[in-house]
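To start, the structure under review is shown below, and the notes come after it.
FYI, it's all coordinate maths here, none of it is from the lab. Fair warning: this is a prediction, and the values are worked out from it, not measured in the lab. Backbone-built Cβ (ideal geometry, glycine too); neighbour counts: all protein chains shown.
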Amino acid sequence: MKTLIIYYSRKGRTAKIARKWAHKTGASRLAISPMAYRGTMREYLQYLICTLTRRDMELDLHNVDFSKYDRIVLMVPVICGMMSAPVRTFVRQEAGRLQNVEYVIVHKGFRARQPKMVRWLDKTLGVKHLACSSIHQSFNKSFKARCIDGQSILK
Ligand SMILES: Cc1cc2nc3c(=O)[nH]c(=O)nc-3n(C[C@H](O)[C@H](O)[C@H](O)COP(=O)(O)O)c2cc1C
């Protein structure tokens, strides 16, 4: 099965999880990269403001044919109980082009399930997700997926 793991990572923790799972499953990876103020404090501020206000961020371009993949795994970091802005922008931009998706909620808080977020993702992408799980990014050093619904490739 040809799999693509799509992720956004500001501090590198989600990237580490994506790398681990790509290595384990043989999947390819695509990093979502915001354009403005890269690596600066302004980038971080803009990231937080856009996340909290649900505003879009300008993302770097990519040239990926998603239809080549049998499974798209979308990693979704939770920031202040919300979906991180680069992931939200990516989903809005790619709506209609992503099929056979599974979501992985990456979180540090105790709340592992994010049903509202999952509903929004399905509605915006116009799909019914194949699987959903969550990874706690600090307790769980092996980055094992928990709360798995459906046929996840991270089992
Ligand atoms: C400002 C901020 C707010 C956060 N809020 C939450 C939260 O509400 N719930 C949660 O589970 N994790 C929260 N986290 C943890 C992030 O989900 C976690 O650090 C992120 O997945 C790792 O991202 P990274 O790939 O940029 O390292 C927060 C992190 C930051 C920096």
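Points to keep in mind about this one:
- Whole-angstrom gap from region 117-147 to region 6-40, using each part's C-alpha centre: 15 Å
- Whole-Hz couplings from phi, Karplus 6.51/-1.76/1.60, listed for region 72-87; x for Gly and Pro: 10, 9, 9, 8, 10, x, 9, 10, 6, x, 10, 6, 5, 4, x, 5
- Estimated from helices alone, the mean residue ellipticity of the chain at 222 nm is -9500 deg cm²/dmol (sum of -39500 (n - 2.57) over DSSP H runs with n ≥ 4, per residue).
- In range of the label at M1: residues from region 51-70 whose backbone nitrogen is under 17 Å from the point 7 Å along Cα→Cβ: 67-70
- Taking 0.36 nm per residue of separation and subtracting the Cα-Cα distance, full extension of the segment from M82 to T124 would add 13.6 nm.
- Cβ-based net charge around K141, under 13 Å, with every Lys or Arg adding one and every Asp or Glu removing one: +4
- Across the chain, the volume of the C-alpha convex hull divided among the residues equals 105 Å³ per residue.
- Choice from D70, D56, D122 showing the highest fluctuation, given a GNM over the chain with Cα pairs closer than 10 Å: D70
- Fraction of beta bridges assigned by DSSP in region 3-150 that are antiparallel (%, nearest 5): 25 percent
- The mean sequence distance of close C-alpha pairs (under 8 Å, at least 6 residues apart), as a share of the length of the chain, puts its relative contact order at 21 percent.
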